[in-house]
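Contents: one structure, followed by commentary.
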Amino acid sequence: MLDDFLIRAGLAGIGVAFAAAPLGCFVVWRRMAYFGDATSHAALLGVALALAFELPVFAGVLLVALSMALIVTALNGRSLGTDTLLGVLAHGALAIGLVAVSLLPNQRVDLSAYLFGEILAVTKSDLAIIWSGALLSIALLVWRWQALLSATLNPDLATASGVNPRREQLILTLALAVTVAVAIKVVGALLIAAMLIIPAAAARPFARTPEVMAATACVIGVIAALGGLAASFAFDTPTGPSIVSVAALLFVVSSGVAPLLKR
Amino acid sequence: MSLIATHNLTLRIGGQTVLRDVDIAVNAGEIVTIVGPNGSGKSSLLRALIGALKPAAGTITRAPDLRIGYVPQKLQIDATLPLTVRGFLNLPRRQPRDTVAQTLLQAGVTDLAKKQMTDLSGGQFQRVLLARALLNKPHILILDEATQGLDQPGSAAFYRQIEEVRRDMGCAVLMVSHDLHVVMAASDRVLCLNGHVCCEGTPEIVADAPEYRALFGTGTQGALALYRHEHSHSHDHTHDHTHDAGCNHAHGDQDVR
C-alpha cells in the first residue's frame, strides 16, 4: 500500500495536520503567530546546514528550529518591541537561509522543494520520521495539556497553583521545533506557519472548550491536506500551496457560518 | 506563628527597586489589607508572595505546606480561547463535578459551570476567580484589587462574600484594595505601602497616622480619601523625609495592642 506515492503523500499530510493543528491552537491562544513564522523560516537555514555537513535534513532543521525557538523565547518579554524583533528574526532567518543554500558548493539544490514542500516525493523513511515527530509533538501536548492551558491563561495564576510557566513555554517550544522539522518536507518552510494557524482559527467558531477546538482543528487540517492533495493532482498545481489554499478556504467558510452558530 | 511573612524583602523589576525592606506577616484567620498609591509596589508584593517574583534581597517565609488561593488583578482571556467556567476551574488540576458546583456556591454564584468565561458579567467573573482560589481549601486568600471594574454595590457585595468565606473556611485574607471605606470597615489590620511600609496597624491607627494622611488625606470615608489620593503623588518625596518618626509611632501602637 505504501508503494503508492499518493498514499504516502496523503499519510504525510495527515501526520503534519495532526502535529500542527493542536499546537497551532496554542500559537493562536498565546498570540505567537510571529513566533511560528520565525521558527519555520529558520528551517531553511537548517536545510543549508544539513546539506553542507551531509546530515539528514530532518536533523539540521530540528537543530536550527529549536535554536531559533529558544532564542525567541529568551527574547520574548525582555524588550517592548517584541513584534518588531520577531519580524526581524523571521525574515532575517529566511534570507540568510536562502543565501546559505545558494553558497553550497557543487550542489544543485531544488530550493522550491524546501520553500513550498514536496509532498509527492515523500519516501517511506520520510513517512516514519513525520509520524514519529507528529506523535512526539502530540504526546507532549497531551501530557502537559492542563498545565499548558494554565500557563497560557495567566502566568501568575499558574505559578500560584504550582505550574511553572517557563517550563510550559519550553515544552511548547520543543513541540514547535519538532513540528517544523517534520512539516518542511510536506508544506515547506514558507507555509508551515499557515498549517499551524489556519486550522486552529477555522476551528474556533465550532468549539466551546479548548479540547474540542484542538480536535476540530485536526479534522480541518486533515481535510485541507487531503483536499489540497486532490486539487493539486486534478489541476496540476503545487501541492503545499494547494493544501494551504484549501485550509484558507475552510477558514472563510467557517467565518461565514460563525454568526449562525451564535445563540 | 504567622502563615506567611517577609523579612527585609526588596523587589526589583527591570532594575528598578519597587519595594525595599518590607517586613510583613499574616496570621491565621485575619484580614489584612494593603493600601497605597498606584505604583507603590502592592501588586509586586503579592506576586512575590505567590512565588511569581523572585526577591532581590530578603526572605519570604511560608508555613509548611501552606496553601495559597490567589485572585489576580485582572485576567484577560483571549477571544480565540473557548473556555467554560468548569474548564477554567479544572486548571491545572481536574476537580470532581460536585466540588466545582459547591465551590461556585461558596463564591456566591450558581448555574455558571457551563457558561463561557467570556460571556460572564464583571461580578460573575470575579466570583469565578474567587471560586478558583477557594478550590484547594487555602489557608490564605490573596486578592489583588479584586473589585476593579465592579460598581459600588458590586464591590460591596464582593467584600461581604470575602468575609463570609473567611467565616466559613477560617482562612486568612490578604488583599490590595482601593476602596478605602470598605477597607476600614472590613479589615483587622491595614498596611500602607509606598515603596516601603509607611505605616501599619488597626484601621483606626492607620487612619490617624501622618503618613497615611499625607497619602490619602484626612477623610477616611470614601470619596474624599480617594480624591486626595489622586493628588498625593507629588508629595511622595516630602512625605518620605518625614516618615520615620510616624512609622515608629505606628509600630509602637501595634506592639501595645
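The values are calculated or read from the model by the stated rules, or taken from the named source; none is laboratory data. All values derive from a computational prediction rather than experimental measurement. Because the Cβ atoms are built from the backbone with ideal geometry, glycine has one as well, and the counts that use them run over all protein chains shown. Note: areas computed on protein heavy atoms with side chains; ligands, DNA, RNA excluded. Shrake-Rupley method; radii C 1.70, N 1.55, O 1.52, S 1.80 Å.
Observations on the model:
- Of all DSSP-defined beta bridges confined to the protein assembly as shown, some 50% are antiparallel rather than parallel.
- A:Phe53 - accessible surface, heavy atoms, 1.4 Å probe, Å² rounded to 10: 150 Å²
- The calculated FRET efficiency for the pair B:Thr17 and A:Asp110, based on their C-beta separation and a Förster distance of 51 Å, comes to about 0.30.
- Mean sequence separation of contacting Cα pairs (under 8 Å, at least six apart), scaled by the length of the stretch A:61-196, corresponds to a relative contact order of 41 percent.
- Other-chain or far-sequence residues with amide H under 5 Å of B:Leu193's (modelled H): B:Val35, B:Gly36, B:Cys198
- Listed values for the stretch B:84-89 are Karplus-derived 3J(HN,Hα) couplings in whole Hz (6.51 cos²θ - 1.76 cosθ + 1.60, θ = phi - 60°), namely 7, 4, 4, x, 5, 6, and x replaces Gly and Pro.
- Taking the 1.4 Å solvent-accessible surface of chain A as the whole, the part contributed by carbon and sulfur is 70%.
- Over the stretch A:122-263, Cα pairs under 8 Å with separation of 6+ residues give a relative contact order of 20 percent.
- Taking amide H as placed 1.01 Å from N in the peptide plane, the amide H of B:Ile31 sits under 5 Å from that of B:Val173, B:Asp188, B:Arg189, each at least 5 places away or on another chain.
- For the protein assembly as shown: rounded, prolate or oblate by the Cα gyration tensor [a/c cutoff 1.5]: prolate
- Annotation: amide H-H contacts under 5 Å for B:Tyr70 (H modelled 1.01 Å from N, sequence separation of 5 or more, or interchain): B:Ile142.
- Charge context of B:Gly58, other residues only, Cβ under 13 angstrom, K/R +1, D/E -1: +1
- Per residue of B:88-96, other chain Cβ atoms within 10 Å of the residue Cβ number 5 on average.
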